[in-house]
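The values are calculated or read from the model by the stated rules, or taken from the named source; none is laboratory data. These figures come from a predicted structure and were not determined experimentally. Note that we place each Cβ from the backbone using ideal geometry, even for glycine, and neighbour counts take in every protein chain shown.
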Amino acid sequence: MCGLNPRSRLVLAKLETTPGSDPTPAVGTDDLFVSMDSPGIKLGVTQVGNEPASPTGYELPAAIATIKPTATYRIPLYGKGLALSVPVLPRWLSVILASCGHVDLSAGSPSGSEVIWTPDSIYPRTTAVGGAITAQKCTFTLYDYLARDGAVNTGTKILQRMVGCRVSQVRIVLTVGQWAFLEVDILGLSVQPVASTNNLSAADLDDVRTDFVRANAAQSQIVFDAGTYALQSQSTTWTIDFGATQEEGDTTSAGVATVGTRQALVTASMNPIQTSGTPTPGTDITLMSDAQFEQEDGAYSMAGSMTPEGQLVDTGYTLKVAAPAVQIVFDYDTSGSVVRLPTTAKAVSANSTTPPISITLS
């Protein structure tokens, strides 16, 4: 009788030297810490009918089927401390986000005391402490050991894999008082699932068991009107959409040949709460004048930092999400005196050199 343990799970992620070529992620080196409730890899199948029009109802033997795998993971945000006064990169940053953005290792004062990630799926790159820029690999391989039958070292595990992976969408979920999460949707090329007896006993879950950050009021609020008004929110989710698509190959056997992306579109959804002001019947809250409302295009997000309990600020565990220029969408009352609390926003580039959103590790 099978003793399959569905809660035994390990996810590995490793950048590819050649797009679509499996670099064989190693247990204990390429571990990616993910939440147990992550959906993981799904091998979606698209069938294309191949039947000609015929009065006799003639049919060809089979339809064309293409496997289009996707993956979704929920990753609690965490840091890993310092090494020689420089933040150690967690795997969610060094692989997942590095494949679709700019990782600046030279940030902060002194140089290298901070790491800043900004989205850029067209030209992913890394800036070293000395300023040298290196083009980053834009694809990675995922291994997802779903379960096991028997011992961790010798038992049989179900191994699902995806190669040529690219990030389709990133959601930064900030709920006050709860762990901050990175939810990532991934597209890639399919690899047949297999039964594996690989030894998983060396798994270290990216060397982290605690030190997850909790979202705070500063991270969930949007500040606008030249900094005079702070919109409090119980939760804020920033969505970074790269619009990834799976592109077909020329032959049936090839299926999906590659995954393409575009530059990021950054939006936010909020769950605003009333913290001050006088409520008006039929509205959420009356707080803003006409002049304030007209300045919504100059809104910006307050970038409060998050540090896990038991850790000091700026010791490699502090995280900060910042959107320097935000356009807020309001429900505006026709009386000209009432503005309902907004629930959506769009992050834009303040200028040609400022990205719409950033994640800082310090």
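Considering Val129, Val170, Val194, which residue is among the β-branched types (Val, Ile, Thr), in a strand (DSSP E or B) and within 19 Å of Ala98 (Cα to Cα)?
Numbers: Val129 fails: in a strand (DSSP E or B); Val194 fails: within 19 Å of Ala98 (Cα to Cα).
Only one candidate qualifies: Val170.
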> Checking Thr210 against (1) in a loop (DSSP other than H, G, I, E, B); (2) buried (at least 21 other Cβ atoms within 10 Å of the Cβ), which test does it fail?
Replying inline: (2)
> So, in the stretch 318-340, of the ones that are buried (at least 20 other Cβ atoms within 10 Å of the Cβ) and part of a loop (DSSP other than H, G, I, E, B), which residue ends up modelled with the highest pLDDT?
Replying inline: Thr318
> Mind checking which residues of the stretch 4-17 are at pLDDT below 90, surrounded by fewer than 13 Cβ atoms within 10 Å (Cβ to Cβ) and in contact with a Lys or Arg (Cβ under 9 Å, 6 or more places away or on another chain)?
Replying inline: none
>> I'm checking my understanding of the structure. Among residues of the stretch 23-44 that are touching a Pro at 6+ places or on another chain (Cβ under 8 Å) and assigned to a loop (DSSP other than H, G, I, E, B), which one is surrounded by the fewest Cβ atoms within 10 Å (Cβ to Cβ)?
In response: Ser35
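For every residue, the table says whether it meets (1) modelled with pLDDT of 90 or more; (2) touching a Gly at 6+ places or on another chain (Cβ under 7 Å).
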position: Gln169; (1), (2): yes, no
position: Trp179; (1), (2): yes, no
position: Leu182; (1), (2): yes, no
position: Ser196; (1), (2): no, no
position: Asp204; (1), (2): no, yes
> When you go through (1) under 22 Å from Ser168 (Cβ atoms); (2) at pLDDT 65 or above; (3) surrounded by fewer than 18 Cβ atoms within 10 Å (Cβ to Cβ) one by one for Gln234, which number turns out not to apply?
Replying inline: (1)
>> Every residue in the stretch 127-164 that is out of contact with any Leu (no Cβ under 8 Å at 6 or more places or on another chain) and under 13 Å from Ala195 (Cα atoms), please.
In response: Gly150, Thr154, Gly155, Thr156
>> Considering only residues that are under 19 Å from Gly79 (Cα atoms) and among the small types (Gly, Ala, Ser), which ones fall in the stretch 110-124?
In response: Ser111, Gly112, Ser113
> In this structure, does Val163 turn out to be part of a strand (DSSP E or B), more than 21 Å from Lys320 (Cα to Cα) and in contact with a Ser or Thr (Cβ under 8 Å, 6 or more places away or on another chain)?
Replying inline: yes
> Among the residues of the stretch 133-143, which ones are touching a Ser or Thr at 6+ places or on another chain (Cβ under 9 Å) and either of a type in the set (A, V, I, L, M) or not in a loop (DSSP other than H, G, I, E, B) (or both)?
Replying inline: Ile133, Thr134, Ala135, Phe140, Thr141, Tyr143
> Does Ser276 meet the test of being within 20 Å of Gln219 (Cβ to Cβ), at pLDDT below 55 and not charged (D, E, K, R)?
Replying inline: yes
> If you go through the stretch 95-126 one residue at a time, how many are more than 17 Å from the chain's Cα centre (by Cα), closer than 19 Å to Leu82 by Cβ and either assigned to a strand (DSSP E or B) or not polar (S, T, N, Q) (or both)?
Replying inline: 9
